[in-house]
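The values are calculated or read from the model by the stated rules, or taken from the named source; none is laboratory data. Being a predicted model, the structure only gives us computed values, none of them experimental. Don't worry about glycine lacking a Cβ; one is built from the backbone with ideal geometry, like all the others, and counts go over all protein chains shown.
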Amino acid sequence: MQRHSDPAAFIASFNGSNPALAEYLAEDVLARQTGQCQQFLLQTSVLGQFCAPLCDAVTGRNDSQAELESLQRANLFVLATDNQRQWFRYHPLFADFLVQTLRQRHPDTFEQVNREAARWHFANERPVDALEHLFTAHAEDEAATQLELHVDTLVENGHASLLMRWLSRIPAEIRDRHTGLGIAYAWALLHARRYKEALQALESPALAGKQHYVHPLLLLIGDRVEEARIASAEMLCSLTPQDQTAFRVTALVQATCLVYTARYDQARQLLGSAGIREAQRDSPYLRDVVDTLEALLDLAQGQLDSAQARVYTAVRRGREQLFGALPVGFPVLHTTHCTLLYEADAMDEAKQQLSKLLPYARDHAAPYSLITTHVLLARIAWLQGDRPAWLRYLADLDQLGHVVGSSRILCSTWLERARVATLENRLDTADHAMRAAEQLRDWEQPGVTLSANDVDTPFIARQRLSIAKGDDRCIELLRQAIDEALQRHQHRLALKLRLLLTLALDRGNLHKEALEQLTVALRFASHVGFIRTFLDEGAPMMAVLERWSVTFHGQEQALGIRPGFVALLLQGNSDSVKPQSTSEVQTQISLSTRELQVVRLLALGYRNREIAEKMFLSELTVKSHLRKINTKLGAGGRTEAVSIARTLGLLD
């Protein structure tokens, strides 16, 4: 180790096939054991964890308990994994060496012991371990047959990554002979955001022309809510009690669509049905999904305190069961938890939980979780004065939007850029961002309000910008929108719209009416705990709140407002770090004069050769400047560099 500059990497590079280590284990450890002991070690090496009965089944012996006790006395790399010392494992390096040795000396035995291990695990109701051994033994036919028997349970418990790994190893011609596997494969592809491949799987000859629960789920994830609602309703009518998994998944798709279309009573009725209650008892994953839908329903109806109680209880329950590990499947519960933490202005905890969730969301999440994690982290970074992180989170989300092909994800990045530019009074930049967002609004549907965008829509962002510009035409538009939201019982949306109406009236010098609207908003929000909905409107909202606190000093309780709530809002604003000004950001970014010229010519649509001609440079020098620009702005390419530069006001 002394000869290596990075001892940790050197140690990490060791495995059972490392020549020096293998020679030591072969000559100084394995060779010194009896023939019977060597055979036992090699045959049981394929077992990740093992007990005496499992070892008996794999080796064909009946003295494994005594052998295990002997290995422990000899300190032969055997470690207990439970307090009762019934289950054991080999040290990873020793296990790697034994497996490599077994493969080389007895390849037929390697497959045979894996098959025997699979039989024991199936007999003892451990199908996941059993299937792992079948795949290790390259027994794809048998694995496919057994997997089809257990695939519904795996789907209902959200084991998308596991199914993706297994089903990808089964040849298509074998999958096609098992209809259940074809459906599960499409479901797993959805969770991996491989939507086109999921559609192709559904259109395969084995599945074509048939109804499957994946189809309405695919429509829902693609934001085609009304189509998903109709398809799931039709499918529920055709399902029988024997179609348990199909019913449960389809019913949850239907419930989600009912929430998104503000059919709240129908959604609650479906979520409280016997079939869904049974699903909650059988599957922790489905229970998390149901809890999430009920919390989103509460949140949409303005019952923030109920949503918080429901989700906090569910998250605590999950931590007790999973010891803090993230759940499988879509991370909807944890995403909703983060949304509620942010709304309650619990910034540190929200940031901590979002940071844990982000890697998982990037790989597996549907648009709701993907948008929420990135946008909330971006907002927190901006509030804490970390402009580069704000840019990076939005650039990452933009890139994911292009990969996924989701106009809603792309639109959401521009909406957040427009929001911040408006609050920073960079109205030309905000106008550019709004135009970009409005070109990507094809995901919006009449009567549909999607999670992650329920209070962040092109309409709301446009009204915020109109207020900043002093355009009083937005007043009537906001009044109409509030009436519509209240008719649909969308009280969270109505609250956000009322706050914007307050700002519009105040900007139009209708100060008395502005304070009246703010009183209505405060009366509603104070009793359920909405905080960031106010604070996210920035300095203009704080100015009106300050004026309200002076005008109605000591009258909160008489006006039906929880005492101390306005002071809490004003304190929350003062605790926030002041966002950086444009000049501070430009200083931090520090583009040279040449680099600014290059990025401005890029924004005008010029290519490298044309930029080189205009600046009297070589194309090689222009490319060098572009690399430096991308590095400084954290951009992944020309288009993104221009977008970030425009957001920073570098092109103004």
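Return the residue satisfying two criteria in turn: it lies in region 93-127 and is exposed (fewer than 14 other Cβ atoms within 10 Å of the Cβ) and within 38 Å of the chain's Cα centre (by Cα), and of such residues it is modelled with the lowest pLDDT. The selected residue is 125. When you check residue 198 against the structure, is it touching a helix residue (DSSP H, G or I) at 6+ places or on another chain (Cβ under 8 Å), of a type in the set (Gly, Ala, Ser) and over 23 Å from residue 131 (Cα atoms), yes or no? For residue 198, the condition - touching a helix residue (DSSP H, G or I) at 6+ places or on another chain (Cβ under 8 Å), of a type in the set (Gly, Ala, Ser) and over 23 Å from residue 131 (Cα atoms) - is met.
Restricting attention to region 374-414 and to residues that are of a type in the set (Gly, Ala, Ser) and part of a helix (DSSP H, G or I), the residue that is surrounded by the most Cβ atoms within 10 Å (Cβ to Cβ) turns out to be 412. Determine, yes or no, whether residue 76 is of a type in the set (A, V, I, L, M) and assigned to a loop (DSSP other than H, G, I, E, B). So residue 76 passes the test. Could you look through region 464-523, keep only residues that are closer than 21 Å to residue 260 by Cβ and among the small types (Gly, Ala, Ser), and pick out the one that is surrounded by the most Cβ atoms within 10 Å (Cβ to Cβ)? In this case the residue turns out to be 494. Quick check: anything in region 524-547 at positive phi, among the small types (Gly, Ala, Ser) and loosely packed, with under 15 Cβ neighbours inside 10 Å? Within region 524-547, not a single residue is at positive phi, among the small types (Gly, Ala, Ser) and loosely packed, with under 15 Cβ neighbours inside 10 Å. Scanning region 604-637 for residues that are within 21 Å of residue 387 (Cβ to Cβ) and either buried (at least 16 other Cβ atoms within 10 Å of the Cβ) or touching a Phe, Trp or Tyr at 6+ places or on another chain (Cβ under 9 Å) (or both) turns up 629, 630, 632, 633, 634, 635. Looking only at region 187-197, decide whether some residue is part of a helix (DSSP H, G or I), under 30 Å from residue 44 (Cβ atoms) and aliphatic (A, V, I, L, M). No; the residues of region 187-197 include none that is part of a helix (DSSP H, G or I), under 30 Å from residue 44 (Cβ atoms) and aliphatic (A, V, I, L, M). Determine if region 248-264 includes at least one residue that is surrounded by fewer than 22 Cβ atoms within 10 Å (Cβ to Cβ), farther than 30 Å from residue 537 by Cα, among the hydrophobic types (A, V, I, L, M, F, W, C) and modelled with pLDDT under 95. Scanning region 248-264, I find no residue that is surrounded by fewer than 22 Cβ atoms within 10 Å (Cβ to Cβ), farther than 30 Å from residue 537 by Cα, among the hydrophobic types (A, V, I, L, M, F, W, C) and modelled with pLDDT under 95, so the answer is no. If only residues of region 117-140 that are free of Cβ contacts under 8 Å to residues at least 40 places away in the same chain and of a type in the set (Phe, Trp, Tyr) are counted, the one that is farthest from residue 103 (Cα to Cα) is 122.
The helices (runs of 4 or more DSSP H) located wholly in region 198-311 that include 1 or more residues which are assigned by TED's automatic domain parsing to the domain that holds residue 170 and of a type in the set (Phe, Trp, Tyr) occupy 244-260, 264-271, 284-300.
Under the condition of being touching a residue at least 24 places away in the same chain (Cβ under 8 Å), among the basic types (Lys, Arg), under 24 Å from residue 370 (Cβ atoms) and not assigned by TED's automatic domain parsing to the domain that holds residue 498, the residues counted in region 425-476 number 1. Of the helices (runs of 4 or more DSSP H) lying entirely inside region 503-622, those containing at least 1 residues that are modelled with pLDDT of 90 or more, farther than 30 Å from residue 643 by Cα and in contact with a helix residue (DSSP H, G or I) (Cβ under 7 Å, 6 or more places away or on another chain) are 511-526, 538-551, 565-575. So for region 57-69 (the condition being at pLDDT 75 or above and basic (Lys, Arg)), does at least one residue qualify? Yes, region 57-69 contains at least one residue that is at pLDDT 75 or above and basic (Lys, Arg). Scanning region 543-553 for residues being under 16 Å from residue 505 (Cα atoms) and either among the basic types (Lys, Arg) or in contact with a Ser or Thr (Cβ under 9 Å, 6 or more places away or on another chain) (or both) gives a total of 3.
No other residue among 326, 340 is at pLDDT 80 or above and crowded, with 16+ Cβ neighbours inside 10 Å apart from 340.
Count of region 333-373 residues, restricted to those that are under 22 Å from residue 293 (Cβ atoms) and either of a type in the set (Lys, Arg) or outside any loop (DSSP other than H, G, I, E, B) (or both), is 25.
Here residue 193 passes the criteria (1) under 19 Å from the mean Cα position of the chain (by Cα); (2) surrounded by fewer than 20 Cβ atoms within 10 Å (Cβ to Cβ) except the one numbered (2).
Reported count of residues in region 171-182, each being part of a helix (DSSP H, G or I), surrounded by fewer than 20 Cβ atoms within 10 Å (Cβ to Cβ) and either of a type outside the set (A, V, I, L, M, F, W, C) or touching a residue at least 60 places away in the same chain (Cβ under 8 Å) (or both), is 3. I want to confirm something. Restricting to region 70-91 and keeping residues that are among the small types (Gly, Ala, Ser) and over 41 Å from the mean Cα position of the chain (by Cα), which single residue is modelled with the lowest pLDDT? Ranking the candidates gives 74 first.
Across region 445-485, which residue is farthest from the chain's Cα centre (by Cα) among those that are polar (S, T, N, Q), closer than 17 Å to residue 422 by Cβ and not in a loop (DSSP other than H, G, I, E, B)? Checked region 445-485; the qualifying residue farthest from the chain's Cα centre (by Cα) is 466.
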